[in-house]
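Chemist: Below is a structure I'd like to ask you about.
The values are calculated or read from the model by the stated rules, or taken from the named source; none is laboratory data. Remember, it's a predicted structure, so these values are computed and weren't measured experimentally. Ideal geometry is used to build each Cβ from the backbone, glycine not excepted, and the neighbour counts take in all protein chains shown.
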Amino acid sequence: MIQVILALGIGVLAGYFNLFKSAGRYIAGPVSTAGVVLLLFFMGAKIGADREIMNNLGIMGLEALVYAVTAIMGSLLMVWAWQFLEQRKTEGQKEGEGV
């Protein structure tokens, strides 16, 4: 993990001090995209080769769905509660202005 953080930090410093000319910045986008695509490919290959993961894929997918739906419902509930409290606060302030 330290290698990842170190590489990211060095990259940030290189960009901050403008060590790359315009050609380097132009190439950075496609190289980053290719790197992410390769990373996803190899992660997929590793998952596909793991029989235990493949055998439990249905259960893991169902668990992921439950987690996602629960997170969405919790977020919606919190937004609703926040709006409700803000509306009550605004109505209370309007009533106080009329005095």
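Chemist: Evaluate the following for Glu86: is it acidic (Asp, Glu), modelled with pLDDT of 90 or more and either assigned to a helix (DSSP H, G or I) or surrounded by 10 or more Cβ atoms within 10 Å (Cβ to Cβ) (or both)?
Modeler: Numbers: acidic (Asp, Glu): yes; modelled with pLDDT of 90 or more: yes; either assigned to a helix (DSSP H, G or I) or surrounded by 10 or more Cβ atoms within 10 Å (Cβ to Cβ) (or both): yes.
Answer is yes for this residue.
Chemist: Can you tell me which of Gly35, Gly29, Gly24, Gly58 is surrounded by 11 or more Cβ atoms within 10 Å (Cβ to Cβ), part of a helix (DSSP H, G or I) and free of Cβ contacts under 8 Å to residues at least 12 places away in the same chain?
Modeler: Gly24
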